[in-house]
C-alpha cells in the first residue's frame with residue numbers, strides 16, 4: 001500500500017473540474033493522485049509536494065487519494081468506515097465541508113451540513129452523521145483538525161484503530177484510573193476485554 005509520496009508536480013487538473021488530480025513525479029514514476037480543491041488551488045506545476053495517501057485497489061483500477069495533512073487522511077478514513085461511503089464520496093464530502101463542521105454535525109446530530117454535497121440525499125446524510133457520531137462523537141477537534149486533548153485523543157484513536165467503536169473506547173477510557181496514557185490504554189483494553 002502506498003501511504004506517502006513526495007515528488008514534483010508534473011501536471012495538475014484545471015479548476016473547476018469534477019475530479020481534481022495531480023500527477024506527482026517520484027523518481028521518474030508519475031503517480032495520478034486525486035486531491036482536494038484546497039490543495040490543488042495552492043500548488044503549481046514543478047513545485048515539490050508531499051502527500052499522505054490512501055490507496056484503493058479495485059478489480060479494474062488502482063486509485064490514489066492524497067491529502068496535505070495526516071488529519072485530513074484520518075478523517076477520510078473515518079468517512080470510509082461508514083457503510084455506503086466510498087472514496088469518491090468521502091473526498092466529495094471533504095471538498096464541501098470542513099472537518100470541524102463535520103465534527104459539529106456528529107456532536108449535534110444535524111445532517112444539514114451534508115445537504116450541500118451533491119449525490120447525498122437526506123437519508124444518506126443522516127446515515128453518515130449517525131456513523132460519524134459513533135466514530136468521532138465527543139472528540140474535541142480544533143481548527144487544524146487535531147484532537148484538543150492530544151493524549152486522550154491518541155488513546156481514543158488507538159482503541160478505535162483496534163476495532164472498538166468511539167463510544168466503547170470513550171467509556172473504557174473514562175473508567176481507567178491511570179494518569180499515564182500508555183497505562184490508561186492498557187487499563188481500557190482490560191475493561192473492554194471483560195465486556
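Points to keep in mind about this one:
- The range 42-76 - residue that is part of a loop (DSSP other than H, G, I, E, B) and closer than 30 Å to residue 164 by Cβ and, of those, modelled with the highest pLDDT: 68
- Only residues that are over 18 Å from the mean Cα position of the chain (by Cα), surrounded by fewer than 18 Cβ atoms within 10 Å (Cβ to Cβ) and either assigned by TED's automatic domain parsing to the domain that holds residue 95 or at negative phi (or both) were counted in the range 26-52, giving 11.
- Out of 102, 79, 132, sole residue that is crowded, with 18+ Cβ neighbours inside 10 Å, part of a helix (DSSP H, G or I) and at pLDDT 85 or above: 79
- Close pairs from the range 167-178: first under 14 Å from residue 133 (Cβ atoms), partner surrounded by 13 or more Cβ atoms within 10 Å (Cβ to Cβ), Cβ under 6 Å, at least 6 apart: 169/156; 169/159; 169/160; 170/138
Here is a yes/no grid of residues against (1) closer than 30 Å to residue 41 by Cβ; (2) touching a strand residue (DSSP E or B) at 6+ places or on another chain (Cβ under 6 Å); (3) at pLDDT below 75; (4) not in a helix (DSSP H, G or I):
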site: 90; (1), (2), (3), (4): yes, no, no, no
site: 138; (1), (2), (3), (4): no, no, yes, yes
site: 157; (1), (2), (3), (4): yes, no, yes, no
site: 169; (1), (2), (3), (4): no, no, no, no
site: 185; (1), (2), (3), (4): no, no, no, no
site: 191; (1), (2), (3), (4): no, no, no, no
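The values are calculated or read from the model by the stated rules, or taken from the named source; none is laboratory data. What you see is a predicted model; the values in this text were computed from it and never measured. Virtual Cβ from ideal backbone geometry, glycine too; neighbours counted across all protein chains shown.
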